[in-house]
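The structure appears right after this line, and notes come after that.
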């Protein structure tokens with residue numbers, strides 16, 4: 001957490017909890033990557049955690065619903081669940097302005 | 001305690017009375033859904049089943065808290081004897097699974113994350129049981145009913161695959177135990193559906209449990225009252241289905257000597273005696289006599305009264321020479337008063353059970369047992385009463401129970417709480433109205449295993465205690481009290497009077513005789529008087545005749561007739577010479 005503030009320009013730190021190769025999880029990774037790609041100037045660190053492989057990590061973050069994306073930094077921490085097909089909701093959680101995508 | 005019904009194995013819940021309803025507990029490796037309103041006892045049902053499984057059946061369990069935090073769940077069970085605080089992390093695992101509503105929804109989801117966590121926890125402690133507490137909360141927070149439904153079916157599959165005995169609790173409309181329509185499917189995916197309810201009956205808050213469905217098992221679909229006490233949920237009625245009581249043959253005194261002989265030596269130890277009667281017929285006194293007698297034998301005795309303070313009972317009973325006080329002081333006798341309206345019959349039963357255990361009682365007096373039934377719902381009181389009888393019998397506690405009962409009801413031989421059939425001995429005290437006076441008549445209506453006297457006895461209260469007296473029957477009627485003494489007196493008097501009458505008659509006859517004799521004597525004397533008078537008259541007449549003769553002679557002499565003088569001298573003085 002302490003590192004978040006020192007990161008100039010506000011690096012986006014994300015954790016995406018997925019459940020193996022399940023359709024929603026696969027879709028979530030795809031959708032998230034696509035949105036992030038729309039902001040080339042953005043510094044984003046994405047960590048993908050498979051709760052099937054490490055349930056303890058899922059437990060610690062209390063991830064019941066998969067997939068769940070947690071925006072760890074910058075604070076406040078925010079969450080979004082689902083396959084992230086709802087781009088508007090995802091962008092809002094990421095704290096990004098309307099993506100000027102061409 | 002494993003039972004099978006049509007191939008389905010059942011595991012005990014450890015909930016007193018519940019296992020009997022379903023014929024063994026819950027179907028093993030299957031899903032039971034527990035529905036009820038808020039505060040209905042759903043969570044306790046789940047935790048208790050887990051705790052008992054872990055403690056008594058070596059079946060570790062996982063508790064999944066969707067509604068409250070794991071810590072809260074553990075804390076809430078601390079007051080129960082099976083509290084899971086000591087088991088946590090060993091044979092019981094509690095999973096925090098409250099789904100924060102703060103998460104945004106960004107498309108289709110699944111519950112694989114949850115299943116992954118649960119899978120890991122189950123594996124870690126080799127759990128056999130699992131409780132998913134407040135699934136409705138999870139479903140509501142998921143927000144998408146269609147998806148939620150699909151995920152619940154996924155959950156069901158997972159539970160079945162893992163062969164866990166699962167309890168899923170969900171909030172339902174308290175009034176008619178119905179889930180919100182979108183979660184209706186929960187009931188259909190369950191093998192067993194249990195409902196718990198909290199409602200007010202006759203002014204008393206009561207809890208009820210019902211098994212609405214149970215696959216494979218022969219279950220009772222009736223509603224049963226239950227309480228939540230120190231031991232958790234205790235369901236009434238179930239226990240009564242077991243009839244395996246020991247039957248001791250030793251006798252203990254009832255505290256009334258004549259009653260003991262009437263009953264062939266007293267009450268059987270471990271038996272239950274019902275004393276019925278109208279108010280004021282000395283039911284409490286009879287029960288107190290037993291309590292004192294038991295206390296004198298140094299037997300630990302519990303005297304539970306309803307709506308009457310112990311001090312008041314002690315004082316009232318002391319007035320007839322039965323001293324409860326010293327035994328209360330010595331600790332052998334414990335008196336406890338309950339308020340009938342404050343708690344449900346089931347709560348009273350739980351309380352009494354607790355008191356019996358605390359006091360390690362060998363004898364119980366419950367005065368009156370009829371106070372268990374709240375107004376209008378006699379069947380509940382009856383069930384509670386049966387449970388008390390069952391409880392004491394199973395522990396060989398000798399019980400004496402009084403019950404309010406009018407004389408009229410006695411005719412139909414039906415106690416208001418219907419326990420007369422279960423009680424071993426049933427005595428009825430009634431008032432008999434005769435000659436403007438009420439007397440107490442005691443009848444032993446039944447007494448199992450005893451050649452008891454069928455005769456009615458008069459129950460007499462005095463400053464020195466209770467006594468039974470033989471009754472006096474006259475003209476086919478049983479007489480008591482003053483009337484009896486009167487009638488007995490009448491008989492005595494009759495005899496007495498007859499004797500006296502004879503005496504009088506004898507005396508009268510004697511008098512008459514005496515009078516007659518007197519009269520006879522009087523008559524006789526009158527006769528004598530008459531005779532005497534007659535004699536006198538005769539004598540007077542003779543005298544006068546003589547005088548006449550003398551006078552005529554004198555006349556003749558005076559006229560000079562000589563010979564007559566000589567003749568007269570000879571006649572008047574013959575012996576003068």
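FYI, it's all coordinate maths here, none of it is from the lab. These numbers were taken from a predicted model, which means no experiment stands behind them. Positions of Cβ are backbone-derived with ideal geometry, glycine not excepted, and every protein chain shown enters the neighbour counts.
Numerical summary
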| read-out | value |
| --- | --- |
| Gyration tensor verdict on region B:252-312 (Cα atoms; rounded if a/c is under 1.5, prolate if a/b is larger than b/c, oblate otherwise) | oblate |
| Average partner coverage of A:48-61, which counts Cβ from other chains inside 10 Å | 4 |
| Three-way shape call for chain A based on the alpha-carbon gyration tensor, with the a/c threshold at 1.5 | oblate |
| Theoretical FRET efficiency, 1/(1+(r/R0)^6), r = Cβ-Cβ of residue B:124 and residue A:77, R0 25 Å, to 0.05 | 0.35 |
| Residue A:22-residue B:357 FRET efficiency (beta carbon distance; Förster radius 45 Å; 0.05 resolution) | 0.25 |
| Footprinting exposure proxy for B:92, B:460 (fewest neighbouring C-beta atoms within 10 Å first) | B:460, B:92 |
| Pairwise centroid distance, computed over Cα atoms, of region A:47-98 with region B:63-106, Å | 24 |
| Residues B:365, B:62, sorted so that the one with the fewest Cβ neighbours within 10 Å comes first | B:62, B:365 |
| Average other protein chain Cβ within 10 Å of Cβ, residues B:305-318 | 0 |
| Simple spin-label estimate for residue B:521 and residue B:296 in nanometres, 7 Å along Cα-Cβ | 7.2 |
| Cα long-axis angle, helix A:23-37 against chain A (0 to 90 degrees, to the nearest 10) | 10 |
| Per-peptide average of other Cβ atoms within 10 Å, ordering B:98-106, B:135-143 highest first | B:135-143, B:98-106 |
| FRET E, pair residue B:490, residue B:470, Förster distance 25 Å, beta-carbon r, rounded to 0.05 | 0.85 |
| Ranked B:189, A:59, criterion: other C-beta atoms within 10 Å, fewest first | B:189, A:59 |
| Cut-off 14 Å (backbone N to label point 7 Å along Cα→Cβ of residue B:221), residues of region B:25-62 | none |
| Calculated [θ] (222 nm, deg cm²/dmol) that DSSP helices of n ≥ 4 give over chain A, each run adding -39,500 (n - 2.57) | -9000 deg cm²/dmol |
| Two-site label geometry, residue B:554 and residue A:88: point separation in nm, points 7 Å out along Cα→Cβ | 19.3 |
| Partner chain coverage, peptide B:96-104 - average Cβ within 10 angstrom | 5 |
| Distance in nm between pseudo-label sites at residue A:37 and residue B:75 (7 Å out along the Cβ direction from Cα) | 4.9 |
